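Written out below as structure tokens is the structure these notes cover.
The values are calculated or read from the model by the stated rules, or taken from the named source; none is laboratory data. All figures in this text were calculated on a predicted structure; none of them were measured in a lab. Because the Cβ atoms are built from the backbone with ideal geometry, glycine has one as well, and the counts that use them run over all protein chains shown. Accessible surface areas use protein heavy atoms only, side chains included; no ligands, DNA or RNA. Shrake-Rupley method; radii C 1.70, N 1.55, O 1.52, S 1.80 Å.
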Amino acid sequence: MSNREVILTGDTPTGQLHLGHFVGSVRRRVELQDSHECFFLLANMHAFTTRASEPDEIRSDTLEIVRDYLAMGIDPDKSAIFLQSETPAIAELTFLFSMLLPFNRVMRNPTLKEEIKVKNLGENYSFGFPLYAVGQTADILAFRAHSVPVGEDQIPHIELTREVARRFNKLYCGIDENVEDDDPIMLEKGVFPIPKADVGKVGKLMGTDGVNKMSKSLGNVILITDTPKQVKKKMGKIFTGRQSPTDPGDGENALMQYVETFIPDPERAAELKDKYVRGDNIGDGHIKVEVAEAISEMLEPMQARREAVGNDATVIDIIKSGTARANAKTEETLAMAKDACGLQFFGRELGF
Ligand code: TRP
């Protein structure tokens with residue numbers, strides 16, 4: 001049981017999940033949950049780093065994500081779905097790790113920079129905002145995770161995590177800096193394995209504007225709960241710039257990405273793409289309808305599962321048991337880390 005590889009990943013509660021989350025990361029998690037020890041994080045503290053004035057929304061967004069996870073096939077008996085805010089070892093490790101990274105290194109993280117731009121944070125972001133990147137290294141390392149299924153945009157965070165792990169193992173476990181990441185010594189002597197990003201086949205799903213990445217803030221998403229009518233309407237908006245069914249189409253555009261991603265029969269997908277790039281009398285509208293139908297067919301069983309989840313109390317029970325499993329794991333890591341850096345004076349007993 002416990003010698004299975006550990007998977008850790010998660011989502012910041014920003015609203016309901018969409019198809020980009022599904023194909024970019026959640027689908028991969030569902031595949032992994034039989035063979036790996038899986039932990040899925042509800043990053044609600046991270047949500048506070050940009051939305052501290054919206055606690056009620058963060059709370060309901062957190063519960064919505066769990067409903068979406070269950071809809072998409074995550075099984076809470078196999079995988080632990082847990083709450084960041086009730087996993088205190090993560091916060092403690094964040095503090096410790098923040099000392100292992102130069103401030104300027106954190107600020108150079110391209111994902112952080114992009115977020116400052118996209119969310120218009122300017123110079124007014126909180127002190128806690130960039131700290132979330134350090135927090136994310138702790139989210140991962142607290143589980144001594146081997147692999148992190150994520151979309152492409154998260155790669156810089158995983159790179160930062162790898163740096164922290166190497167640094168810690170070098171400073172406090174006596175591992176020479178020339179030791180390779182996957183050298184068995186790293187695991188024998190070090191506290192932290194050096195985790196790998198596991199980017200799925202679709203690292204970045206385009207949005208229904210046909211131009212940008214699918215993202216809630218850009219209003220170009222297809223939600224897991226969208227009806228066939230909504231899906232069809234949104235698909236209709238994908239911009240391709242193509243004029244007529246006999247124009248040779250761009251095989252790399254958003255519409256073709258959807259064909260490859262959502263048409264379940266690979267032969268049919270190849271046929272559609274072939275006709276499209278040759279301009280063999282096939283209209284965008286026709287393809288969009290076919291893709292929309294495929295998406296709705298895929299969503300139908302998810303929506304049925306989502307309906308069956310039950311009330312908030314049921315969802316909270318699921319998070320509670322997942323969080324107990326997360327705490328068992330992360331308290332063990334925290335004790336190992338404290339031991340390594342001379343912070344283990346006596347066992348902790350918080351008697352009230
Ligand atoms: N930053 C991720 C997002 O916004 C969420 C996240 C937080 C995460 N901690 C993580 C993802 C650890 C992977 C691993 O989607």
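Quick notes
- A straight chain from Lys119 to Met298 at 0.36 nm per residue would run longer than the Cα-Cα distance by 61.3 nm.
- Protection proxy ranking, highest mean first, for peptides 190-198, 125-133, 63-71: 63-71, 190-198, 125-133, where packing is the per-residue count of other beta-carbon atoms within 10 Å, averaged.
- Projecting the Cα atoms of Leu187, Gln344, Ala133 onto the charge dipole of the chain, computed from C-beta unit charges around the Cα centre, puts Ala133 farthest toward the positive end.
- Cα gyration tensor shape of segment 1-57, rounded if a/c is under 1.5, else prolate or oblate by comparing a/b with b/c: oblate
- Pair-distance profile P(r), taking every C-alpha pair of segment 72-122, with 5 angstrom steps and integer %: 4, 15, 12, 14, 18, 19, 12, 7, 0
- Here the chain is assigned +1 on the Cβ of each Lys and Arg and -1 on the Cβ of each Asp and Glu. Its dipole about the Cα centre then comes out at about 600 debye.
- Estimated inter-spin distance, Lys233 and Glu163, nm [label 7 Å along Cα→Cβ]: 4.5
- Structural descriptor for the chain: relative contact order 22 percent, calculated from alpha carbon pairs under 8 angstrom and at least 6 residues apart.
- Cys341/Glu252 FRET efficiency (R0 51 Å; Cβ-Cβ; nearest 0.05): 0.55
- Segment 182-328: C-alpha gyration tensor shape, a/c 1.5 cut-off, then a/b vs b/c: oblate
- Percent carbon-and-sulfur accessible area, segment 225-306, ignoring ligands, DNA and RNA, probe 1.4 Å: 51
- Using only alpha-carbon positions in the chain, the gyration tensor eigenvalues give semi-axes of 39, 22, 20 Å once each is multiplied by 5 and square-rooted (largest first).
- Virtual paramagnetic centre 7 Å along Cα→Cβ of Glu54, amide N under 12 Å, in segment 200-217: 216-217
- Using the Cβ-Cβ distance between Glu188 and Lys320 with R0 set to 30 Å, the FRET efficiency from 1/(1 + (r/R0)^6) comes to roughly 0.30.
- Pairs over the 30 Å Cα-Cα cut-off, from the set Lys234/Lys275; Lys119/Lys275; Lys117/Lys204; Lys78/Lys237: Lys119/Lys275; Lys78/Lys237.
- Solvent accessible area, Å² - Arg325, 1.4 Å probe, full protein context: 90
- Across segment 225-306, the relative contact order, built from alpha-carbon pairs under 8 Å that are at least six residues apart, equals 42 percent.
- Over the chain: helical MRE at 222 nm, DSSP H runs n ≥ 4 each giving -39500 (n - 2.57), nearest 500: -16000 deg cm²/dmol
- Between Ala270 and Glu180, the FRET efficiency from the beta-carbon distance, with R0 = 35 Å, is close to 0.30.
- Over segment 225-306, volume per residue of the alpha carbon convex hull, in Å³: 77
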